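Novice: Below you'll find the structure I mean.
The values are calculated or read from the model by the stated rules, or taken from the named source; none is laboratory data. Model, not experiment: these values are computed from the prediction. Heads up, the Cβs are rebuilt from the backbone with ideal geometry, glycines too, and the neighbour counts pull from every protein chain shown. Each accessible area value is taken on the protein alone, full model and side chains, heavy atoms only, with ligands, DNA and RNA left out. Shrake-Rupley method; radii C 1.70, N 1.55, O 1.52, S 1.80 Å.
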Amino acid sequence: MRPMDKDRRRLSLNWLRRMVLGGARDGQPPSSVSGVVILFRLLLVACAGLIVCAGWFFVDRNESYRVGYPSPRTYLAQSSARFVDNAATKELRDQAAAQIARVRVRDDQKTREVKQRIEDLKTNGTMDFAPIPLEKLVRGFPQSEQSRIVSTVIDIAEKNFDRSATRSEQTAAIWDSLARVSMGQAEKNVVFQILDAMLEPTLVEDDEMADRLRTDVSQRIPSVVREIRLGGVLVEKGQIVTPGIAEILHTQGYPDAAIPWKQLCFILIATFSWSLWLTWLSIRQDVLLTDKEWLYVALLLTISWSSQRWLASWGIDPLSLLALTGWLFLTLSPAFAFHIALGGGLIGYLLAFPGMTSTIAVGCVVSGVASGAGFLFFREATSRIMIWRSMFGLGFCLTLTSMFIRWGFGLALSWELFATYLFCCALWSSLVVAFLPLWESTFEIISPLRLLEMSHPSQPLLKRLQLEAPGTYHHTITVSTLAEAVADRLGMNGLLVKTGAYYHDIGKLKRPHYFVENQPFGDNIHDRLAPKESAKIILSHVADGLELADEYKLPAPIRRFISEHHGKTCLTYFYKKAVVADKEAGGDGDINKAEFCYPGPTPQSPETALIMLADSIEAAMKGLNRTVTGRLELEKLVGDVIDSKILGGQFADVDFTLKDVAAIKTAFVEVLMSMYHSREIKPLPAEDEETGEPNAVKI
């Protein structure tokens, strides 16, 4: 095997391992994330299996039909359809085949012999076929009587020739003909004896030919095609369910009372395969879900599937995927939420309406519309009433979609169905808003509402920052303004970036006076500290921030901004200062640089990487101590910051392309131009000499 083929095989095996074992990135220990992902898959598969089994045990087993038993209820047609009534068709074909009792074929040799005997007797009066005593008896009759006997023999022979398969049939036919002849019994006996010697059974019964003929006749009977109208009665309650009726009920999607082994196996395989797809997708899209977030997704799917199946037993399509879509799009990244809502909604319809292909087809379209429209309806969800309106608007869209597809498929439509859909939309919209705080507190997830609450200045940590570290608070406001504006231009989650920027430096609350933005002018405490001590204090603000985050129960996405906004950058100033001090003290300047670097991790998402850049650019702008004179200077400053982060390996875990980097640089420059622009004012003379009016000031 060539080295290149070995490398490709190794990459394929590593990719498969990450898929199956939990989606750990290259370089990460699989055990750190695989356990909860495997548990997530097992929960989904177990949930789907339990729903199928519970639905059969509590509903289908007692309320479904069985062949040969009375129907437990009246079944109505779910859709208009034409179908072949196999039972009626079989009955008609069996009746046609039964008309053919037997098939007889002619023995050609015997037929020719008998025909020749009749011809010889008719033309020459020859009776060589008859026994000699019988021939002498006939010759002894008077000529007139002899002629009468011969003519009667010929007449009866021609009528009964080639019509018998056995001697008994032939004898019965001869005597039946003789009964209509006016002749004495003695003469009739002579005629019978002549005919019995002359005629032979020339027909033979062919059973194989009879079977072929029956098959041919039955196949010529056309199939019985029946038409089912929407809402028509398929079987009345108490009526015996025949195999034909059972087949019709099955085609209409009604399950029977048997254990649905086939459906159970299909659902388990489909659910497990879909969970593998989600794992691969999380790797592909760099979606970093925590353990609690994976369990949160599993819980949402369980709620959606269970409610869909339970209400479907009442004949209702509850549109429970509406709630699933709302919760997912409000708490996860839209791209990942799209795939979960699409696959989860489809599996929900498979669980709720097994066998009903038309309803499942409606579910496929509705799931696609729900997941796709989520990008539009939840783009501006900034208050509870707006979330409710967005939810109801999406539900109304799904209602119209379902009604339209049902109309196209010829399924049941009614005002009651429309009203049920609207009621479900209002119910799920209210439940989504009501349960959102519960999900936020239980699973530490982020929704737009929580981000708005956390970014309000009245939050305890932000109030402390305003009072205890006003310089740092002003710094976070500037960074958040800069980062949010860039995020909006690049299509990122601007609200998340803004909130993360507010909290990224909260660790400075522990020792605010050790940071330059909180120090009085001209008094820098680090001038009186050793470089290592200064570095230790500054580096510790990340760990201190994480401690405060745990104390105030900040969600995981916000904690990532605290731990990742410096990545693994180093305090070069204090490192060089320590080297110089060591040399001045007689040392060789061999200082461990790791003691002057942040522990990391490096940014794991575009949002935290954006805060890193905004933080560094804002610091660089302050370090200029002068007004920026033009765009070129801004472009150089931003470019130098971005290049330093790239060369330092700070974006190794963020999927930034060269195109993305260029777009980020341009966005930062344009936002900085609007934030730090200067205006050159050139005043004109105080007033016009002719009019005495003051002149306008040109800018």
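Novice: What percent does the relative contact order of region 261-409 come to when contacts are Cα pairs within less than 8 Å and at least six residues apart?
Specialist: Answer for region 261-409 is 22 percent.
Novice: Then there is this: Pairing rule first: another cysteine's C-beta must sit under 4.7 Å. Under that rule, which cysteines of the chain stay single?
Specialist: That list is 47, 53, 265, 364, 397, 424, 425.
Novice: Starting from the amide H of residue 228, placed 1.01 Å from N in the peptide plane, find each other amide H under 5 Å away whose residue is 5 or more places distant or on another chain.
Specialist: Here 81, 82, 83 satisfy the definition.
Novice: Another question about this same structure. Using a Förster distance of 45 Å, how high is the FRET efficiency between residue 145 and residue 102, based on the Cβ-Cβ distance and rounded to 0.05?
Specialist: Values: r = 41 Å, r/R0 = 0.91.
After rounding to 0.05, the efficiency reads 0.65.
Novice: Tell me which trypsin sites (Lys or Arg not before Pro) from region 507-564 have a DSSP coil assignment and no more than 12 other beta carbons within 10 Å of their own. Please report the intermediate quantities before stating the final value.
Specialist: Numbers: sites: 508, 510, 528, 532, 536, 553, 559, 560; in loops: 510, 553.
Hits after loop and neighbour filter: 553.
Novice: Residue by residue, what Karplus-based ³J(HN,Hα) values in Hz, rounded to whole numbers, does region 362-368 have, using 6.51, -1.76 and 1.60 with θ = phi - 60° and x for Gly and Pro?
Specialist: For region 362-368, the Karplus curve yields 4, x, 4, 5, 4, 5, x Hz.
Novice: Where the convex hull is taken over the Cα atoms of region 64-190, what is its projected area averaged over directions, in nm²? Each step should come with its number before you reach the end.
Specialist: Values: hull surface 63.0 nm².
The orientation-averaged projected area of the Cα hull of region 64-190 comes to 15.8 nm².
Novice: Which of rounded, prolate or oblate describes region 155-229 when judged by the alpha-carbon gyration tensor and an a/c cut-off of 1.5? Mind dumping the intermediate values first?
Specialist: Numbers: a/c = 5.55, a/b = 2.83, b/c = 1.96.
Prolate, because a/c is 1.5 or more and a/b exceeds b/c.
Novice: When ligands, DNA and RNA are left out and all protein chains stay put, how many square angstrom of accessible area per residue does the chain have with a 1.4 Å probe? Provide the component values of the computation, followed by the final result.
Specialist: Working: 36700 Å² over 699 residues.
On a per-residue basis, 53 Å².
Novice: A further question on this structure: With the crude spin-label approximation of a point 7 Å out along Cα→Cβ, what separation in nm comes out for residue 179 versus residue 91?
Specialist: For residue 179 paired with residue 91, the spin-label model returns 3.9 nm.
Novice: A follow-up question, please. Would you please classify the overall shape of region 522-665 from the alpha carbon gyration tensor, given that a ≥ b ≥ c denote the square roots of the eigenvalues, rounded means a/c under 1.5, and beyond that prolate means a/b larger than b/c while oblate covers the rest?
Specialist: Numbers: a/c = 1.72, a/b = 1.23, b/c = 1.40.
Note, shape of region 522-665 comes out oblate.
Novice: May I pose another question? Can you give the FRET efficiency for residue 286 and residue 635, using 1/(1 + (r/R0)^6), R0 = 35 Å, r = Cβ-Cβ distance, to the nearest 0.05?
Specialist: 0.80
Novice: On a 21 Å Cα-Cα criterion, which of the cross-link pairs 498/532; 110/159; 510/577; 463/645 come out too long? All intermediate terms of the calculation are to be shown ahead of the outcome.
Specialist: Working: 498/532 33 Å; 110/159 17 Å; 510/577 25 Å; 463/645 32 Å.
Violating the 21 Å limit, Cα to Cα: 498/532; 510/577; 463/645.
Novice: Express in whole angstrom the spacing between the alpha-carbon centres of region 332-374 and region 230-258.
Specialist: About 28 Å separates the Cα centre of region 332-374 from the one of region 230-258.
Novice: May I pose another question? If R₀ is 35 angstrom, what is the calculated FRET efficiency for the pair residue 250 and residue 220, using the beta carbon separation as r and rounding to 0.05? Walk me through the intermediate numbers first.
Specialist: On the way: r = 28 Å, r/R0 = 0.81.
E(calc), rounded to 0.05, equals 0.80.
Novice: Where a ≥ b ≥ c are the square roots of the eigenvalues of the C-alpha gyration tensor, would you call the chain rounded, which needs a/c under 1.5, or, failing that, prolate if a/b is larger than b/c, or oblate? Show your work: numbers first, answer last.
Specialist: Numbers: a/c = 4.13, a/b = 3.46, b/c = 1.19.
Taking the square roots of the gyration eigenvalues as a ≥ b ≥ c, the chain is prolate.
Novice: Counting only C-alpha contacts under 8 Å and six or more residues apart, can you give the relative contact order of region 345-473 as a whole percent? Could the numbers behind the result be given before it?
Specialist: Values: 83 pairs, mean separation 27.1, N = 129.
Relative contact order, region 345-473: 21 percent.
Novice: Right, next: Expected output is a single nm value to one decimal: the length gained when fully extending between residue 242 and residue 573, i.e. 0.36 nm times separation in residues minus the C-alpha distance. What is it?
Specialist: On the way: separation 331, 0.36 × 331 = 119.16 nm, distance 8.95 nm.
This chain segment gains 110.2 nm when fully extended.
Novice: Next up: Under a crude label model (7 Å from the Cα following the beta-carbon direction), how far is residue 620 from residue 657 in nanometres?
Specialist: 2.4
Novice: Quick check on the chain: helices-only [θ] at 222 nm, where DSSP H runs of length 4 and up contribute -39,500 (n - 2.57) each and the sum goes over total residues. Nearest 500, please. Don't jump to the answer; show the numbers that get you there.
Specialist: On the way: 27 runs with 443 residues, N = 699.
After summing the helix terms and dividing by the residues of the chain, the value is -21000 deg cm²/dmol.
Novice: Where the centroid of each part is defined by its Cα atoms, how far is region 59-122 from region 531-591 in Å?
Specialist: 92
Novice: Can you pull the accessible area of residue 176 for me, 1.4 Å probe, Å² to the nearest 10?
Specialist: In the full protein context, residue 176 sits at about 80 Å².
Novice: So, in nm, how far is label residue 109 from label residue 76 when the simple model puts each one 7 Å beyond its Cα toward the Cβ?
Specialist: About 7.4 nm separates the two model spin labels.
Novice: For region 424-449 and region 145-189, what is the separation of their Cα centres, given in Å?
Specialist: That distance is 103 Å.
Novice: Sort 58-67, 189-198 for me by packing, meaning the mean count of neighbouring Cβ atoms within 10 Å per residue, highest on top.
Specialist: 189-198, 58-67
Novice: Quick one: with all protein chains in place, what share of the accessible area of the chain is carbon or sulfur, to the nearest percent (1.4 Å probe)? List each step's numbers first, then the result.
Specialist: Details: 21470 of 36700 Å².
Answer for the chain: carbon and sulfur cover 58 percent of the accessible area.
Novice: Can I ask one more? Run through region 574-655 and list the trypsin sites (Lys or Arg not before Pro) located in a DSSP loop whose Cβ has at most 10 other Cβ atoms within 10 Å. Numbers along the way, then the final one.
Specialist: Numbers: sites: 576, 577, 583, 593, 622, 626, 631, 636, 645; in loops: 626.
Filter output for region 574-655: 626.
Novice: Report the extension gain between residue 189 and residue 666 in nm, rounded to one decimal, defined as 0.36 nm multiplied by the number of residues separating them, less their alpha carbon distance. Write out the running numbers ahead of the final one.
Specialist: Working: separation 477, 0.36 × 477 = 171.72 nm, distance 12.70 nm.
Full extension from residue 189 to residue 666 adds 159.0 nm.
Novice: Give the long-range amide H neighbours of residue 76: residues separated by 5 or more places, or on another chain, with amide H under 5 Å away, using H modelled in the peptide plane at 1.01 Å from N.
Specialist: For residue 76, whose amide H was placed from the backbone, the distant partners under 5 Å are 234.
Novice: Trypsin sites (Lys or Arg not before Pro), restricted to region 162-222: which are DSSP loop and have at most 13 other Cβ atoms within 10 Å?
Specialist: Working: sites: 163, 167, 180, 188, 212, 214, 220; in loops: 163, 180, 220.
Passing both the DSSP loop test and the Cβ count: 180, 220.
Novice: Moving on to the next point. Could you work out how much longer the chain between residue 124 and residue 416 gets when fully extended? Use 0.36 nm per residue separation minus the Cα distance between them, nm to one decimal. Don't jump to the answer; show the numbers that get you there.
Specialist: Numbers: separation 292, 0.36 × 292 = 105.12 nm, distance 9.56 nm.
Roughly 95.6 nm would be gained on extension.
Novice: Now, a different point. Express the C-alpha Rg of region 287-435 as a ratio against the empirical globular expectation 2.2 N^0.38 Å, rounded to two decimals. Each step should come with its number before you reach the end.
Specialist: Working: Rg = 14.5 Å, N = 149, 2.2 N^0.38 = 14.7 Å.
Scaled against compact globular proteins, the figure is 0.98.
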